[in-house]
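J.: Sharing a structure with you now.
The values are calculated or read from the model by the stated rules, or taken from the named source; none is laboratory data. Since the structure is predicted, the reported quantities are computational estimates derived from the model, not experimental observations. All Cβ positions, even for glycine, are placed from backbone atoms using ideal geometry, and neighbour counts span all protein chains on display.
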């Protein structure tokens, strides 16, 4: 969250839930709302955090995002899906990769 705030984003929601599924973060900058999946890795043995967000996870995130959009969205809002991959470098050091607009859904995904 601190990284996104430092980049000018405002936190709209943290761990917004729909049943057993949730959105890690919903952030806003102006009229842009990003639904952010955060993945932390200690090693790259099982792939990067970005690679961990496959089609099934994207679909689940989109369903929860649709509910958030219905409840809290504004007519002028533009939406996108981002991934923030955090890599534990050891010794308390982390690297952050922010992939903006990581994937898109078809029009009318609501």
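J.: Does any residue in region 88-110 that is within 21 Å of residue 65 (Cβ to Cβ) come within less than 8 Å, Cβ to Cβ, of a residue that is assigned to a loop (DSSP other than H, G, I, E, B) and modelled with pLDDT of 85 or more six or more places away or on a different chain, and which pairs are these?
T.: 98/7; 102/53; 103/53
J.: Out of everything in region 39-82 that is surrounded by fewer than 17 Cβ atoms within 10 Å (Cβ to Cβ) and part of a strand (DSSP E or B), what residue ends up being nearest to the chain's Cα centre (by Cα)?
T.: 80
J.: Next question, about the same structure. Please count how many residues of region 1-28 are surrounded by fewer than 13 Cβ atoms within 10 Å (Cβ to Cβ), over 11 Å from the mean Cα position of the chain (by Cα), free of Cβ contacts under 8 Å to residues at least 40 places away in the same chain and not in a loop (DSSP other than H, G, I, E, B).
T.: 4
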